[in-house]
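Worksheet: the structure to be examined is printed underneath.
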Amino acid sequence: MSTQTQTEAPTKNEPRFARVRDLWNEYLPYWFMAPMVIVMAMITVFPGAYDLYLSLIAEPTLNVLNAEFVGLRNYETAFTRGGAINSFVITITVVASALLLESVLGFVLAALVAGVDSSGAKSFYRVLFIVPMAVAPVSLATIGRIMLNSEIGIIPYVINTATPFAAPAFLSDVPLLTVVLLDTWNWTPFMFIIFYAGLSSVPETLIEASRVDGAPLWRRYLHVIIPYMKPVVFVAMLIRMIDLFRTFGVVYGLTGGGPGTATQLVSINIYEQMFINNQPGVAAAMAVVYLGLVVALANVVIAKVGFEGVWD
């Protein structure tokens, strides 16, 4: 009897284990993605919901049920007395300018390096152009303040001695331009790396066919290479655009948002409202609107340009 019982037990359990195994195999990709999805939900959904809650109350309290609900008053304060509109305009200006400069310079550098025949020279240029991206934001801001100083800075000294022009006071006369140029120097290598990889993936037969047809170099890039690289260009610019909206450390370390509010990005304004003005509700309201703007803009770009060819 004991032997018969032992042989029947696995037989009864086998269909159950088979169903579990089939379920596991059928949804295997989802099981592997589940831990990351859970972690992302914990670090995005909960903070986002709490930020929305803070934007609708007067003051944060330990007992959330006793919080004073103020509706949209924090949003009104942010856009009337908090300088949110000015910060949004400055941020969009910096994002658009830096994104354009970094994309153009990154593509030009990638094209120049791709055209070099020597493999040793290519390796040298790749390393040389990537170096700026390795500088930490705080270090970059500190170095920038020293190099751009009107009295001891090397850049004003070179402009004053080597050119017929007088060097401007970069951090007070043209602070917004200075921020854009410094960010361009720091992050053009990122665009260079992606564009160089994209150029390396263009089939040589395609380029050779256009060359045989008599197309000049600019037409080969305009009508053959760039259209082929559209997915790469789109992804690179989308990632960089989103990252530019997160800019804080370099600008805050370089200008502190000044002079006045000339370089007060939204991220800097949120920081000042929260930690200097002690208005967490206003800071949260500004953050909610900012998040909505970035998400909406990214979705508009995706809808208009699309991911066609990105996953091919």
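The values are calculated or read from the model by the stated rules, or taken from the named source; none is laboratory data. Fair warning: this is a prediction, and the values are worked out from it, not measured in the lab. Ideal geometry is used to build each Cβ from the backbone, glycine not excepted, and the neighbour counts take in all protein chains shown. When the accessible area is computed, the model is the full protein with side chains, heavy atoms only, and any ligands, DNA or RNA have been set aside. Shrake-Rupley method; radii C 1.70, N 1.55, O 1.52, S 1.80 Å.
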If we keep just the residues of the range 60-74 that are open to solvent by less than 100 Å² (accessible area, probe 1.4 Å) and at pLDDT below 90, which is nearest to residue 284 (Cα to Cα)?
60
Being of a type in the set (Ser, Thr, Tyr), more than 30 Å from residue 69 (Cα to Cα), touching a helix residue (DSSP H, G or I) at 6+ places or on another chain (Cβ under 9 Å) and part of a helix (DSSP H, G or I) narrows it down to one of 221, 290, so name that one.
221
Of the residues in the range 146-184 that are of a type in the set (A, V, I, L, M) and not in a helix (DSSP H, G or I), the one that is surrounded by the fewest Cβ atoms within 10 Å (Cβ to Cβ) is 166
Selection count, the range 222-241, where residues are farther than 14 Å from residue 107 by Cα, open to solvent by 70 Å² or more (accessible area, probe 1.4 Å) and either modelled with pLDDT of 95 or more or aliphatic (A, V, I, L, M) (or both)
1
Filter pass, residue 302 being over 19 Å from residue 92 (Cα atoms), touching a Leu at 6+ places or on another chain (Cβ under 8 Å), assigned to a helix (DSSP H, G or I) and at pLDDT below 95:
no
Take the residues in the range 250-271 that are open to solvent by 40 Å² or more (accessible area, probe 1.4 Å) and assigned to a helix (DSSP H, G or I), then tell me which one is nearest to residue 93 (Cα to Cα).
252
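Could you tell me how many of the residues in the range 129-144 are more than 16 Å from residue 248 (Cβ to Cβ), surrounded by 12 or more Cβ atoms within 10 Å (Cβ to Cβ) and not β-branched (Val, Ile, Thr)?
Number satisfying all stated conditions: 3.
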Looking at the range 108-118, can you tell me whether even one residue there is closer than 29 Å to residue 242 by Cα, surrounded by fewer than 15 Cβ atoms within 10 Å (Cβ to Cβ) and not acidic (Asp, Glu)?
yes
Being farther than 30 Å from residue 207 by Cβ and touching a Ser or Thr at 6+ places or on another chain (Cβ under 8 Å): is that true of residue 90 here?
yes
Pick from the range 253-298, criterion β-branched (Val, Ile, Thr) and free of Cβ contacts under 8 Å to residues at least 24 places away in the same chain, ranking: farthest from residue 139 (Cα to Cα):
295
Determine the pairs where a residue that is closer than 17 Å to residue 202 by Cβ, located within the range 102-129, has a partner that is open to solvent by 80 Å² or more (accessible area, probe 1.4 Å) and among the aliphatic types (A, V, I, L, M) with Cβ atoms under 6 Å apart, the partner being 6 or more residues away or on another chain.
none
